[in-house]
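Q: Below you will find the structure I want to go over with you.
The values are calculated or read from the model by the stated rules, or taken from the named source; none is laboratory data. Model, not experiment: these values are computed from the prediction. For neighbour counting, all protein chains shown are included, and Cβ atoms are generated from backbone atoms with ideal geometry for every residue, glycine included. All accessible areas refer to the heavy atoms of the entire protein, side chains included, with ligands and DNA or RNA removed. Shrake-Rupley method; radii C 1.70, N 1.55, O 1.52, S 1.80 Å.
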Amino acid sequence: MSKLRICAVDPGATGGIAFLDPWSWELELHDMPTSIEGGKARTVIDRLSLAQLLAPPADTRLIAVVEKVHARPNDGAVQAFAFGQGYGALLLAVEAHGYELHEPTPAVWKKHFGLAGHKNLTQAQMKNMSRTLAIKRFPNAAEAMKLAKHHNRAEAALLALYGVEKIFPKLGIVQPN
């Protein structure tokens, strides 16, 4: 059995990163590395720390599942530009490290888990649903997702799971029993 690593990312300065070993189900969760920039003390993605965090182990097949996102219509120009810079840095780091990149949209991966189409719920309730499901699917990582603010870690964990359940079959990767 060859080594395989899934890196799943919920992008953004408040995003989350999950590394999953699909054979052992060992899950490692991180907040997006950030730093403070500029006179207004804006939080931005720390590009160097991100690239170092994504550095892969040797002799491992690398699969990245990065949520395909874009700036929202209500974002200001500075916010949208900063988000785009961070997202671009993330994609560059993933590809430069040799990961096979897969980019499901939020609608696609959330539909897979029954997390889409709940128009009567608030954003906070939706984030809590993601966190609850991630804790259920990865009980050994529950401590790292226990707080409401950990919803981005939880979504990264679910993106990794989406990779195993939906992307692996397309790549011909078969899970051991």
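Q: Can you show me the helix-derived [θ] at 222 nm for the chain, built from DSSP H runs with n ≥ 4 at -39,500 (n - 2.57) apiece and divided by the number of residues, rounded to the nearest 500.
A: That calculation yields -11500 deg cm²/dmol at 222 nm.
Q: Placing unit charges on C-beta atoms (Lys and Arg positive, Asp and Glu negative, everything else neutral), compute the dipole magnitude of segment 1-132 about its Cα centre in debye, rounded to 20.
A: My answer is approximately 500 debye.
Q: Now a separate question. Search the structure for amide H atoms under 5 Å from the amide H of A116, placed 1.01 Å from N in the peptide plane, and list their residues when 5 or more places away or on another chain.
A: K111
Q: Whole number in Å², please: accessible area per residue of the chain, 1.4 Å probe, ligands, DNA and RNA not counted.
A: That works out to 55 Å² for each residue.
Q: With springs only between Cα atoms under 10 Å, which of A41, A157, A116 fluctuates most in a Gaussian network model of the chain?
A: Per the Cα network of the chain with a 10 Å cutoff, A41 tops the list.
Q: Gain in length, E37 to E165, computed as 0.36 nm per residue apart minus the alpha-carbon separation, to one decimal in nm?
A: 42.2 nm
Q: What residue among S49, S24, S35 has the largest mean-square fluctuation in a Gaussian network model of the chain, using Cα springs under 10 Å?
A: Largest GNM mean-square fluctuation: S24.
Q: Sticking with this one: Can you compute 3J(HN,Hα) from phi for each residue in segment 18-28, using the Karplus curve 6.51 cos²θ - 1.76 cosθ + 1.60 with θ = phi - 60°, rounded to whole Hz and x for Gly and Pro?
A: 10, 10, 10, 8, x, 8, 9, 6, 6, 10, 10
Q: How much of the accessible area of the chain, in percent, comes from carbon and sulfur atoms when a 1.4 Å probe is used?
A: 54
Q: Counting only C-alpha contacts under 8 Å and six or more residues apart, can you give the relative contact order of the chain as a whole percent?
A: That works out to 28 percent.
Q: Helices from the chain with mean Kyte-Doolittle at least 1.0 and a Cα length along the axis of 18 Å or more, per DSSP H: which?
A: 77-96
Q: Would you calculate the separation in nanometres between label points at N74 and E95, each defined as 7 Å from the Cα along the Cα-to-beta-carbon direction?
A: 3.2
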